[in-house]
Each structure stands twice: as structure tokens, then as C-alpha cells.
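Data first, discussion second: the structure below is written as C-alpha cells.
Quick note: the coordinates plus some simple rules give every number you see, no bench work behind them. For clarity, every value in this text was computed on a predicted model and none was experimentally measured. Cβ: placed from backbone, ideal geometry, glycine included. Neighbour counts: every protein chain shown.
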């Protein structure tokens with residue numbers, strides 16, 4: 001290999017983000033394998049690749065012994081001293097064994113190594129890029145669907161939306177543009193495997209962070225998210241600025257902000273409620289849109305007893321208990337809901 005060849009390798013390594021020394025070390029390791037493969041050698045060899053000129057030298061490493069049993073791996077003390085009187089027993093002698101036509105094999109091997117290393121480096125760069133974006137949103141295009149797994153093209157990589165992470169009843173078609181939430185990035189021999197979700201509560205949180213400037217700027221904080229994907233969600237918000245309405249910020253002018261998120265989630269209903277440090281008030285808000293008469297809380301057991309007007313009972317509980325279930329998940333409290341007449345009958 002000549003000097004131009006070496007400069008090309010170095011330049012290529014820099015362009016692809018691979019330290020040239022890593023590339024050269026890999027070439028040397030591959031040349032050892034190439035030497036042994038092509039010259040049927042069981043010798044202990046090392047390869048030296050000149051970083052500037054591209055010259056290659058192959059050396060057989062032999063241990064100095066009193067009695068030689070394998071000339072490929074050992075050398076007698078007398079022969080070693082003939083080369084250099086300073087040698088002693090157990091020293092290792094390096095004897096050049098570079099074949100005449102090794103340059104051609106070396107160039108071919110080096111090319112293969114560089115291609116392989118560049119592929120590995122690119123996979124490594126992609127892995128780092130996406131592993132740093134775990135718990136973030138990605139926008140991609142549905143590429144194909146295999147065995148109910150949806151494969152999403154992200155440009156540099158491909159993400160997998162597994163059946164367990166898909167919203168029930170949501171249809172995916174080739175060419176659909178889709179926002180997903182990164183739940184995990186795994187290293188594999190074929191490159192990074194990016195696992196994404198459409199059902200994770202984090203998707204809803206990140207969508208609000210993207211859509212609501214007050215959340216992005218830290219003025220409004222998302223305190224909790226509860227979600228039944230594709231059906232309904234609740235999100236509790238708090239404002240660090242008394243002059244900023246946290247619910248209004250999330251709803252947006254004429255409901256534009258929340259509607260954008262509802263559209264992205266294909267019609268999933270979203271209740272935005274005001275968080276409160278007072279558990280009773282927070283639980284009352286969490287049961288929105290139902291009106292609450294009173295809330296009794298047991299701090300020790302994190303259990304609450306909620307009284308609602310008779311005509312609001314079904315709304316407070318929700319279809320198949322959905323509203324009460326989401327409110328409990330949002331607040332972290334067990335919620336027992338009674339109508340006013342039920343409460344009076346119990347006393």
C-alpha cells in the first residue's frame with residue numbers, strides 16, 4: 001500500500017468519525033488473519049503497518065529456548081545470539097517473514113476492514129444518537145408491517161412499533177407519518193434496534209411539551225399523566241407563575257393546542273386538570289368533568305371518599321368506571337365515589 005492509499009484511509013476515517021489509529025489497528029489485526037489464511041502458517045506473527053508510507057512488514061515472533069521443538073514458534077539460544085548477543089532464554093525474537101506478493105492481499109484485506117469498520121462506526125453513531133433520545137418523540141414514516149409489527153423509517157434508522165405498543169383499533173398504512181415515543185434502544189449485531197410506543201403515557205407528556213410553549217419554557221409543569229390509549233387520558237398541570245393559567249395554556253386559543261394533540265392520537269379524549277397540593281382539591285379536579293360536593297381524605301391510607309350530586313354519579317364514575325379509574329391513576333389515591341342520596345342513606 002502506498003502513501004496515497006494511507007492518506008485516503010485516514011481521510012475516510014475522519015469523515016466517518018473513526019479515529020485513524022483504530023482503523024490502522026484493525027487493519028493490522030486483519031492482516032495477521034490474512035497472512036495465516038493465505039500462507040497456511042501456525043506461526044505467532046505480528047504485522048507492522050507504517051502510518052505514513054503504507055509499508056507492511058510481517059514478523060514471526062519466536063521464543064528463545066534451549067531445545068527447539070517447533071521451529072515456527074521457537075528459536076535456539078545459539079541462533080538468537082548470532083542475531084544479537086544480548087538475547088537470553090525466554091526472550092522473544094521477531095524475524096521478518098513478509099511474503100513478496102503480500103501487498104496485493106494487504107490492499108484487499110484493508111479495504112474489507114475499512115468497509116466493515118465504517119459500517120460498525122455508523123451503527124455506533126446511530127446507536128449513540130438514538131440512545132440519548134430515549135423518552136423522546138420521533139416522527140417517522142410507516143415502511144412496512146410484518147406479523148403485526150409496524151416498521152417505521154426514521155431516515156438513519158428503523159424503529160419497531162410492537163403490537164403491545166400499538167393503540168387498539170388504530171390502523172397503520174404504508175406511507176403514514178407517525179409520531180412515536182422511544183421506550184428503548186438496544187445494541188444488536190445488525191445495528192441499533194429502536195423500540196417505540198404509541199400507548200406510553202410519556203408520548204402524551206412529550207406532545208404537550210412540544211405543543212405548549214409555557215411547558216417547554218418551564219412556566220407550566222406537567223405533574224402527572226394517566227392514560228387509557230386511544231380512549232381517554234387525564235393530565236394534571238401546575239403553573240409556577242400565578243398570572244399564567246396552566247389549564248388554559250394547554251387548551252390553547254379556541255382549543256387549538258389540545259385539538260392538535262387529540263388529532264395526533266386519532267381522537268383520544270384528553271381531560272386537562274389543575275394540580276393542587278391539597279389532596280381533596282386535586283381529587284375533585286381529577287374527577288372533571290363531574291362536579292364534586294365534598295372530598296374526605298385519609299392521608300395514612302391514601303384513600304378518599306367523594307360525594308357527588310345524584311345526577312353527576314354516572315359522569316363521575318364514567319363509562320365502565322373509566323373516569324374514576326383515570327382519576328385514581330392520576331392522583332395516586334384510591335377514590336370511593338358516592339352520590340348525595342347514597343351518602344345520606346349510609347348515615
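For the reader, a short list of remarks on this structure follows.
- Region 19-62: C-alpha gyration tensor shape, a/c 1.5 cut-off, then a/b vs b/c: prolate
- Highest mobility in the GNM of the chain, judged by mean-square fluctuation with C-alpha springs under 10 Å and restricted to 238, 216, 253, is found for 253.
- Each of 311, 181, 127 has some number of other Cβ atoms within 10 Å of its Cβ, and from fewest to most they run 311, 127, 181.
- Highest to lowest packing among 103-110, 86-93, scored as the average C-beta count within 10 Å: 103-110, 86-93
- Legend: ranking of residues 35, 59 from fewest to most surrounding C-beta atoms inside 10 Å; resulting order 59, 35.
- Our summary of shape: the Cα atoms of region 145-186 have principal axis extents of 28, 21, 19 Å, ordered from largest down, in whole angstrom.
- Choice from 76, 33, 314 with maximal GNM fluctuation in the chain (Cα, 10 Å cutoff): 76
- Cβ-Cβ distance of residue 39 and residue 129, R₀ of 51 Å, FRET efficiency by 1/(1 + (r/R0)^6): the value works out to about 0.75.
- Computed per residue of the chain from DSSP H runs no shorter than four, each worth -39500 (n - 2.57), the mean residue ellipticity at 222 nm is -11500 deg cm²/dmol.
- Of all DSSP beta bridges in the chain, antiparallel share, percent nearest 5: 70 percent
- Gyration tensor (alpha-carbon) shape descriptor, region 278-347, a/c threshold 1.5: oblate
- Potential lengthening between residue 238 and residue 108 on full extension [0.36 nm per residue; Cα-Cα distance subtracted]: 40.4 nm
- Compared with the alpha-carbon gap, the fully stretched path from residue 69 to residue 334 is longer by 87.3 nm at 0.36 nm per residue.
- Most fluctuating residue given options 48, 288, 135, as computed from a GNM of the chain linking Cα atoms under 10 Å: 48
- Remark: the Cα gyration tensor places region 195-347 in the prolate category, a/c being 1.5 or greater and a/b exceeding b/c.
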